[in-house]
Amino acid sequence: MTKKDVLLNIRGLKIEGKSGDDWLAIVNGVNLTLHRGEVLGLIGESGAGKSTIGLAAMGFARDGCRISDGVIEFDGTDLREASQDQLRRLRGKRIAYVAQSAAASFNPAHKLMDQYCEAPVRHGVMSRSQAEKDAVELYRKMQLPDPEGIGFRFPHQVSGGQLQRAMTAMAMSCRPDLIIFDEPTTALDVTTQIEVLAAIRDIVEQFGTAAIYITHDLAVVAQMADRIKILLKGDEVEEADTETMLSAPKDDYTKSLWAVRSFQRAEQAAPRDKPVVSLRNISAAYGPVKVLDDISFDIHPRRTVAVVGESGSGKSTAARVITGLLPPTRGEVLFDGEALPPDYRKRTRDQLRHAQMIYQMADTALNPKLTLRRLIGRPAQMYLGLRGRALTERIRELLDLIELEPDQYIDRLPSELSGGQKQRIGIARALAAEPRFIICDEVTSALDQIVAEGILRLLDKLQSEFNLAYMFITHDLATVRAIADDVVVMQKGRVVEQGPKPEMFAPPHEPYTELLLSSVPEMDPDWLTKLLEQRSRKGLPQSADQ
Amino acid sequence: MGFLIFLFWAAITLGVAIAAAWGFRAVAAAVTRGEMRRALRNAPLTASFGMLVIFIYLVVAILAPLIAPFPERTVVGSQFIPWSAEHWLGTDALGRDMFSRMIYGTRNTVGIAFATTALAFLIGSVFGLLAATVGGWLDQGLSRLVDVMMAIPSLIFALLLLTIFGTSILTLILVIAVIDSTRVFRLARAVTEGVVVMDYIEAARLRGEGLGYLITREILPNVTAPLVAEFGLRFCFVFLSISALSFLGLGIQPPTADWGSMVRENATLITFGDITPLLPAGAIALLTVAVNFVVDWQLYRASGLKE
C-alpha cells in the first residue's frame with residue numbers, strides 16, 4: 001500500500017477520563033492506521049477503551065473525557081486541530097457512526113426517512129427527493145422488507161434487527177469514507193445478527209468504505225474484518241491480519257481470548273432421581289396475549305436444562321411461571337412431585353427457599369444501597385434463622401465459595417464491584433438460601449467472555465458440590481454447549497424440540513433448531529460466506545421474522 | 001455613584017459571608033471527629049455558609065429569652081420609634097420592640113415551619129411508598145384522593161380549612177401539613193414506582209419478605225435522596241405559606257411574634273422609606289437559601305454525583 005491510501009492515521013493517542021478531581025488514563029498511546037476500503041476489527045473486554053477510540057476517530061471525546069495527546073489524522077486533516085465547524089462538515093458526510101443500540105439512537109419522534117435525509121440534505125450532498133430515492137435504494141440493498149414503505153415508519157414500528165440495518169443505511173447516506181460500527185449486533189439475537197452482519201458486509205464491500213468494527217465477539221469480527229487489533233485496558237496487545245490472528249496469536253492474552261469457548265462441562269450420567277421441578281402443560285398469557293402454549297419439561301437434580309430461544313420466545317416467561325410471578329392460565333408446576341401454588345404469595349417459605357433465581361443484570365438485581373453482608377446475609381437469616389456470629393460465619397463461607405476474599409469484600413457496596421463480581425454476589429445470594437433448584441436467567445450475557453467463562457465454571461463447581469438443579473435461560477448456544485445436559489428449544493411460546501444435549505447437537509434437527517444452530521458465528525473467517533451460500537441453495541429462511 | 005456604593009457593600013457582604021463560612025467550616029471540622037469530620041472538611045463553602053446560618057438561627061431560637069432585650073408581647077415605647085441605641089430596630093405599630101420580636105419570631109416561625117414540613121413528609125412519604133409498593137386499589141384510591149385535593153388551589157384550600165377549624169397553631173400545622181403532603185405523596189410515589197420495578201425488589205418479594213421490610217429496607221434507602229432534596233424546597237414553601245396566611249390574618253395569631261405578620265403589621269413604614277418591615281422577610285429569605293445550600297450538598301454526597 002502506498003502512503004496515499006492511508007485514510008485514518010492515529011499516532012500515540014492518549015485519552016483521559018475524569019474521576020473525582022483526577023484525570024485517569026483510559027487509552028495510553030494507541031497507534032492505528034486504516035487504509036481506504038479496509039475493515040479493522042477492534043476487540044477488547046469492556047473498559048478496554050475500544051468505544052472511546054472509535055469516537056476519537058471522529059475527533060470526538062465523550063463528556064468527562066478528553067483527548068490529551070496524540071495525532072488523529074483523517075485524510076490529511078488533523079482532527080485535534082480542526083475547528084468545530086470543520087468537524088461538523090466531516091461528521092455524517094465523510095465519517096459516519098453506527099451505535100450499539102439502534103433503538104436508543106434513533107429519535108423516536110421522527111420517521112426513519114426524515115432521519116435518513118437529514119445528513120445528506122444538511123451537507124448539501126443531495127436534495128430531499130434525491131435522498132428519498134437513494135434511501136429506498138439502500139434499504140433494498142440492506143434487504144429490508146418493503147423498502148419503499150419502511151422509511152415512513154417510526155422507529156418503534158420496526159424490529160430491532162431491521163432498525164440496526166436502517167441505521168447502517170443511514171450512515172451510508174452520504175457515502176462516507178469511513179464508518180465506525182460500535183458493537184452493532186451485540187443487542188441482537190443470533191438469527192437476526194446474521195442478517196445484519198451480511199448486510200453490513202455487503203454494503204461496505206460494494207461502496208469500498210473503510211470501517212472500524214468494534215466488538216467483543218471474536219467470531220463476529222472474524223467474519224467482518226481484514227485486520228484485527230486487540231486492546232486491553234487502553235493498551236494495544238497485538239495487531240495482525242485476521243487469518244494470522246486466528247491461526248497464530250502471539251500474545252498470551254489473545255490466546256486466552258481464543259480459548260474462552262473451550263470450556264466444556266463433564267458429561268453427566270443419565271438422570272436416575274426423580275425430577276425436582278416439572279412443568280406440566282403450562283400455558284400462560286399477559287392479558288389477552290398468549291405467551292406460553294402447552295409447555296412441559298423436567299429438571300433433574302445435578303443436571304442443567306438449557307432453555308434456548310430468541311427474544312420473545314417465552315423462555316423468561318417460563319421462569320416467571322415457575323417462580324410464581326405469573327400464574328399460568330393452564331397446567332401446573334410440580335416440585336418434588338407436588339403441585340406448587342401458582343401465585344408466589346401463596347407459597348410456603350420452604351417452597352420459596354428451594355427455588356432461587358439469578359438475574360441477567362446484576363446491576364438491577366442487587367440493591368445498590370445494601371452492603372454485601374446484608375445482601376447475602378438476608379436469605380440465610382430469613383430462611384435458616386442464622387444470627388450474629390453464625391450469620392457472619394456463613395456470609396464469609398459464601399464469599400469464599402464465590403472466590404471473593406471475605407475480609408476485603410464483606411462490607412462493600414455493589415457499586416464497588418466489577419460486573420463479574422456483582423454476578424458472583426447474585427450467585428451467593430441464591431446459594432445462601434440453600435436451595436435445590438436455581439434459575440439462571442441469561443446470567444452471562446451481560447459479561448465479557450473471559451468473565452462469563454469464570455461464572456460458568458463457578459456454577460458448574462457449585463452444582464456438583466450442592467447437588468443443584470439448574471434451569472439455564474440463554475440465547476447463546478456457545479453457553480449451552482458449555483454447560484447444558486438437556487436442551488429445550490423454544491419458539492413463539494412453544495417447545496420446538498427437547499432432549500439430552502448430545503442428541504440435540506447432532507442432526508437431524510427441526511428446521512428452527514437448525515436455523516439457531518447454524519446462526520452461531522464460528523471463528524472461521526469464511527463461515528458467513530459459506531453459510532449464506534448454503535442457505536440460499538437450500539432456500540432456508542434467512543431469519544425467523546421474515 | 002449610588003450603584004458603586006451598592007457594589008461596594010455587596011462585595012463586603014459577600015466577603016464577610018465567605019470568611020464566616022470558611023471560619024465555621026474550620027471550627028466545625030476541629031470539634032468533630034471521624035467520618036463527620038472528613039465530610040465537613042470537604043464541604044463546599046456554600047454548604048458551610050448554610051450550616052452556619054442554620055446554626056445561628058437555632059441558637060437564636062433556643063436562647064431567645066436570653067438574647068432579646070425586651071419581652072415579646074409588651075408595649076415598651078411609643079409607636080414606630082426609629083432605630084436607636086435603645087431600640088435597635090425601632091418599635092412596631094403598637095410600640096413593641098422590633099428586634100426582640102424578630103428574635104422570638106425565629107422560634108415561632110421556624111419551629112412551626114419545621115414541624116409542619118416534617119409532618120407533611122411523614123404523611124406524604126408513608127402513603128406514597130405504600131401506594132407504589134402495594135399498587136392496585138390502594139394506589140388508585142390514594143392517588144385520586146390526592147388529585148382531588150391538588151385540584152383546589154392550596155392557599156384557598158388552607159384558608160377554607162382554617163376558617164372551618166379555627167386558627168390555633170395546632171390546626172395551622174395540621175392543615176398545611178396535610179395540604180403539602182399531597183405534593184410529597186406525588187413525588188414519593190413516582191420515585192418509588194421507579195424502584196419497585198427493579199429486579200432486586202422482585203427478588204425480595206420472591207424471598208417472601210413482608211411489606212414492612214420491603215419498604216423500609218429495600219425501597220427507602222433508594223428514594224431518600226430525592227425526598228431530602230424535596231424537603232429543602234418544601235420547607236421554604238411551607239415557610240412562605242405560613243407567612244402568607246399570617247399576612248392574611250389566618251396564620252399565627254397576634255400577639256405571637258411571627259415574621260409573616262410582622263411584615264404585614266408594619267408594611268406602611270415602607271412608604272416612608274424605612275426598610276424595617278423588610279427585615280423579617282429577609283430573615284426568611286436567608287434561611288431559605290441556607291437550607292437549600294445544605295440540602296444540595298447532602299444530595300451531592302448521597303447520590304454519588306462526585307464520581
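Using only atoms on other chains, find how many Cβ atoms lie within 10 Å of each Cβ of peptide B:193-206 and report the average. All intermediate terms of the calculation are to be shown ahead of the outcome.
On the way: counts 0, 0, 1, 0, 1, 8, 12, 14, 3, 8, 15, 3, 6, 9.
Going residue by residue through B:193-206 and averaging, the value is 6.
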Quick numbers on the range B:156-307, Rg and Dmax over C-alpha atoms in Å, give 20.5, 71
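Kindly put A:Lys492, A:Lys18, A:Lys229, A:Lys369 in sequence by how many other C-beta atoms sit within 10 Å of each C-beta, fewest to most.
Working: A:Lys492 16, A:Lys18 13, A:Lys229 24, A:Lys369 20.
Exposure proxy ranking, most exposed first: A:Lys18, A:Lys492, A:Lys369, A:Lys229.
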Whichever aspartates and glutamates have a C-alpha closer than 15 Å to that of A:Lys141, once near sequence neighbours (fewer than 8 apart) are set aside: A:Glu132, A:Glu195, A:Asp202, A:Glu205
Expressed as a percent, the portion of alpha-carbon pairs in the range A:376-422 spaced more than 16 Å apart is 39 percent
Going by alpha carbons, how many degrees (0 to 90, nearest 10) lie between the helix axis of B:154-165 and the longest principal axis of chain B? 80 degrees
Counting all C-alpha pairs of the range A:272-320, share separated by more than 14 Å (%): 55 percent
Order these peptides, A:469-479, A:409-419, by their mean beta-carbon neighbour count within 10 angstrom, highest first. A:469-479, A:409-419
Residue mean of other protein chain beta carbons inside 10 Å, A:367-375: 4
Taking the Cα centre of the range B:72-303 as origin, work out the dipole magnitude from +1 charges on Lys and Arg Cβ and -1 charges on Asp and Glu Cβ, in debye rounded to 20. 220 debye
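Taking the Cα centre of the range A:47-144 as the origin, how large is its charge dipole in debye, to the nearest 20, when only Lys and Arg (+1) and Asp and Glu (-1) carry charge on their Cβ atoms?
Working: 15 positive and 12 negative charges, 54 e Å.
That gives a dipole near 260 debye.
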Per GNM of chain B with C-alpha springs under 10 angstrom, the most fluctuating residue out of B:Phe49, B:Phe272, B:Phe247 is B:Phe272
Please find, in a Gaussian network model of chain B (springs between Cα atoms separated by less than 10 Å), the residue of B:Ile81, B:Ile173, B:Ile270 whose mean-square fluctuation is greatest. B:Ile270
With a 10 Å cut-off between alpha carbons and a GNM built on chain B, which of B:Val16, B:Val126, B:Val75 moves the most? B:Val16
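What FRET efficiency, computed as 1/(1 + (r/R0)^6) with R0 = 56 Å and r the Cβ-Cβ distance, is obtained for A:Ser46 and B:Leu174, rounded to the nearest 0.05? It would help to have the intermediate numbers written out before the result.
Working: r = 54 Å, r/R0 = 0.97.
The formula returns an efficiency of 0.55 here.
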Of the listed pairs A:Lys229/A:Lys530; A:Lys50/A:Lys229; A:Lys290/A:Lys492; A:Lys315/A:Lys492; A:Lys18/A:Lys229; A:Lys369/A:Lys422, those with alpha carbons more than 19 Å apart are A:Lys229/A:Lys530; A:Lys18/A:Lys229
Roughly how many Å is it from the Cα centre of the range B:25-68 to that of the range A:277-296, as a whole number? 62 Å
What are the semi-axes of the equivalent ellipsoid for chain A, taken as the square roots of 5 times the Cα gyration tensor eigenvalues, largest first, in whole Å? 43, 29, 22
Jot down the per residue volume, in cubic angstrom and as a whole number, of the convex hull over the alpha-carbon atoms of chain B. 180 Å³
Residue among A:Ser83, A:Leu24, A:Ile67 farthest towards the positive dipole end of the protein assembly as shown, charges placed on Cβ: A:Leu24
Compute the signed sum of charges (Lys and Arg +1, Asp and Glu -1) over the other residues within less than 13 Å, Cβ to Cβ, of A:Pro328. 0
Tell me the mean residue ellipticity at 222 nm calculated for chain B from its helices only (DSSP H runs of n ≥ 4, each -39500 (n - 2.57), averaged over every residue, nearest 500). -24000 deg cm²/dmol
Which distance in nm do the two modelled labels at B:Met149 and A:Asp343 give, with both placed 7 Å along the Cα-to-Cβ direction? 2.9 nm
How compact and how long is the range A:248-380, expressed as Rg and Dmax of its alpha-carbon atoms in Å? 18.9, 58
Taking +1 at the Cβ of each Lys and Arg and -1 at the Cβ of each Asp and Glu, which of B:Asn266, B:Gly124, B:Phe235 sits farthest along the dipole of the range B:72-303 towards its positive end, judged by Cα position relative to the Cα centre? B:Gly124
Do any GluC sites (Glu not before Pro) in the range A:361-406 lie in a loop, going by DSSP, with at most 15 other beta-carbon atoms within 10 Å of their beta carbon, and if so which? A:Glu403
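FYI, it's all coordinate maths here, none of it is from the lab. As the structure is a computational prediction, the values presented were derived from the model and not from experiment. All Cβ positions, glycine included, derive from the backbone under ideal geometry; neighbour counts span all protein chains shown.
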